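**Student:** For reference, the structure I am asking about is given below.
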Amino acid sequence: MYIEQGRKGKLGMWKYLFPPIGFLGLIGFNMLLSQGRDIETEMTQMIETFGKPLFFLLTVGPFVFFLAGLFFWVKVVHQQSIRSLTTSRKRIDWKRVFFMFGLVSLYIIVTTGILYYLYPEEFQINFEPQAFTILAIMAILIVPLQTSFEEYLFRGHMMQGLGLATKTRWVPLLVTSLLFGIMHFGNPEVAKIGPHIMVYYIGTGLFLGIITLMDEGLELALGYHAANNLITALLVTSSWTAFQTDSLLLYTGEPETGIEILIPVFVLFPIYLLILSKKYKWSGWKEKLFGSIKPVSQLEE
């Protein structure tokens, strides 16, 4: 019923085109400008000029305005409620958001601790109380808004629009996953690790799309994405990642470039799906992922 929530507003397929075309067009333009440039060196120079706090703000700050713009478009142009863009439930289930946030945070903290214990020579303690406090305040306030924008755009606005247009569930699932991956093609990690990391980005989009459709809402995806970006930004950074922060740890080693970087897609995500399916008693996988969109007469008010 999640995709069908898009009917709770004034329809018109053109209304679904402007936000994604505008955002993806901006991403594409930025990628063109980045061709042939040493992004890692330019990032280092910008950090030296502005400092890490301001550089971080310049990196994620615009997403606050993107989210506000998307909400404005949905409320004014679609005349759709944010609740119906978020979930098929009568109210947003914040317990789901925080459960997924906690689960992912625990995984990141534990695995980072294990890696630090096994390979201490590849990490450097980076903790400076004042700098970290500034980072924590900024990150806690801004990063969830950045990740929420991406979820509301891809798994919300685009998924509902494509689902209603094609009357399918699998088309929006695949298309939004592919576009979510392409959006990250300009990240410095791609240049450093190699194009095969796109399997991870597209796989992440597919995972988030699956849990959105199976759970009939964005709550779990919102929790996952916020935890993944926020805890990573606070815990560990390196010179070649998109986020450059005054985190607790600085990773000084070289990134993995082999097939092992794809472990989350083929091992971790299935484990998450198993945990979530048991906790929330998911059923009807074939219908929810590949079934057709219900007609208006069957839409629950």
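**Student:** Suppose we filter the stretch 183-205 for residues that are of a type in the set (A, V, I, L, M) and without any contact (Cβ under 8 Å) to a residue 60 or more places away in the chain; how many remain? Full working, then the answer.
**Tutor:** Within the stretch 183-205, the first condition is being of a type in the set (A, V, I, L, M), and the residues that meet it are 183, 190-191, 193, 197-199, 202.
Retained after the next criterion (residues that are without any contact (Cβ under 8 Å) to a residue 60 or more places away in the chain): 190, 198, 202.
The total comes to 3.
**Student:** Right, next: Go through T41, T49 for me and flag whichever is over 18 Å from M183 (Cα atoms), at pLDDT 80 or above and open to solvent by 50 Å² or more (accessible area, probe 1.4 Å).
**Tutor:** The unique qualifying residue is T49.
**Student:** Would you please name the residue that is surrounded by the fewest Cβ atoms within 10 Å (Cβ to Cβ), looking only at residues in the stretch 194-231 that are at pLDDT below 95 and more than 23 Å from M158 (Cβ to Cβ)?
**Tutor:** The selected residue is P195.
**Student:** Consider only pairs whose beta carbons are under 6 Å apart and that are at least six residues apart or on different chains; among these, list those whose first residue lies in the stretch 258-281 and is under 20 Å from V97 (Cβ atoms) and whose second residue is among the aromatic types (F, W, Y) and not in a loop (DSSP other than H, G, I, E, B).
**Tutor:** Pairs that qualify, where the first residue is under 20 Å from V97 (Cβ atoms) and the partner is among the aromatic types (F, W, Y) and not in a loop (DSSP other than H, G, I, E, B), are F269/F207.
Matching residues to (1) in contact with a Ser or Thr (Cβ under 8 Å, 6 or more places away or on another chain); (2) within 23 Å of L234 (Cα to Cα); (3) surrounded by 12 or more Cβ atoms within 10 Å (Cβ to Cβ):
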site	(1), (2), (3)
F65	no, yes, no
F72	no, no, no
V76	no, no, no
S84	no, no, yes
G102	no, yes, yes
V110	no, yes, no
L118	no, yes, no
F123	yes, yes, yes
N126	yes, yes, yes
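**Student:** Return a yes/no flag: does the stretch 11-18 have any residue that is surrounded by 13 or more Cβ atoms within 10 Å (Cβ to Cβ) and hydroxyl-bearing (S, T, Y).
**Tutor:** Within the stretch 11-18, one or more residues are surrounded by 13 or more Cβ atoms within 10 Å (Cβ to Cβ) and hydroxyl-bearing (S, T, Y).
**Student:** If I filter the stretch 20-33 for residues that are open to solvent by less than 30 Å² (accessible area, probe 1.4 Å), farther than 19 Å from E151 by Cα and aromatic (F, W, Y), do I get at least one hit?
**Tutor:** Looking through the stretch 20-33, none of the residues is open to solvent by less than 30 Å² (accessible area, probe 1.4 Å), farther than 19 Å from E151 by Cα and aromatic (F, W, Y).
The values are calculated or read from the model by the stated rules, or taken from the named source; none is laboratory data. Predicted, not measured: the structure shown is a model, and the values here were computed from it. As a convention, Cβ positions derive from the backbone with ideal geometry for all residues, glycine included, and neighbour counts pool all protein chains shown. Surface accessibility is based on the protein's heavy atoms, side chains included, excluding ligands, DNA and RNA. Shrake-Rupley method; radii C 1.70, N 1.55, O 1.52, S 1.80 Å.
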